[in-house]
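Student: Would you mind keeping the following structure in view while I ask a few things?
The values are calculated or read from the model by the stated rules, or taken from the named source; none is laboratory data. These numbers come from a predicted model, not from an experiment. With ideal geometry, Cβ positions are generated from the backbone for all residues, glycine too; neighbour counts draw on all protein chains shown. Surface accessibility is based on the protein's heavy atoms, side chains included, excluding ligands, DNA and RNA. Shrake-Rupley method; radii C 1.70, N 1.55, O 1.52, S 1.80 Å.
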Amino acid sequence: GAIDLYSDSTYLVRGVSEWIHNWQRRGWRTVEGTPVLNRAHWERLAELVAARGKANPITWHYVPSHGGTPGNERADAIAVAYAGGRRIHLYRGPLHRYPVPVFDLPEATGLPPRKPMSRAPAKKAPVYSYLSVVNGRPMRHATWPECERRVKGQSGALFKKAMSAADEAAILKAWGFSPEDLTS
């Protein structure tokens, strides 16, 4: 039957629903002529979508990340736990007994608008901090090179730029930590 697939990745949703056919037509090149990143994954995804055919389509839906969609929040928690090398309980059993209300889905809002292309260089807001998690230990960094040194070559490392204290707290929460867990 038909599948409704929800993702918080605009890259995935736009890629599979808007860009993939042109990438294929151009020999897996972008409109700028550069090679498509993650080509092997896109090729496999194109095969899977084509194999389902028009009788069993996949409808792609965008949901905002950290927007309170239960299934998306659960998927994020699982991914963050695995990336941090932590164990997480995975449910086994009938879907109607799954403790996460995965059928609580947002109204269709569509993809967020594309950012307009500008020839003028963008003014960059100052970065509040850089965050990393290595071996399950979160850390705050003042500079990107400092953060990069910590995560480079570390399997499962997480890293992200925070633009404010609230942004920092939200990133940490998504990773399963709080600001009190940080070391500097």
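Student: Need the failing condition index for Gly67 against (1) open to solvent by less than 50 Å² (accessible area, probe 1.4 Å); (2) farther than 15 Å from Leu5 by Cα; (3) in contact (Cβ under 8 Å) with a residue 24 or more places away in the chain, just the number.
Tutor: Only one criterion is unmet by Gly67, namely (1).
Student: Please specify each residue of the range 70-87 satisfying the condition of being open to solvent by less than 50 Å² (accessible area, probe 1.4 Å) and hydrophobic (A, V, I, L, M, F, W, C).
Tutor: Correct list: Ala77, Ile78, Val80, Ala81, Ala83.
Student: Identify all residues within the range 155-171 that are open to solvent by 80 Å² or more (accessible area, probe 1.4 Å) and modelled with pLDDT under 90; write none if there are none.
Tutor: Residue satisfying the conditions is Ser155 alone.
Student: Which ones in the range 137-149 are surrounded by 13 or more Cβ atoms within 10 Å (Cβ to Cβ), charged (D, E, K, R) and more than 15 Å from Ala83 (Cβ to Cβ)?
Tutor: Arg140, Glu146, Glu148
Student: Only one of (1) over 20 Å from the mean Cα position of the chain (by Cα); (2) closer than 23 Å to Asp4 by Cβ fails for Lys124. Which number is that?
Tutor: Result: Lys124 passes all but (2).
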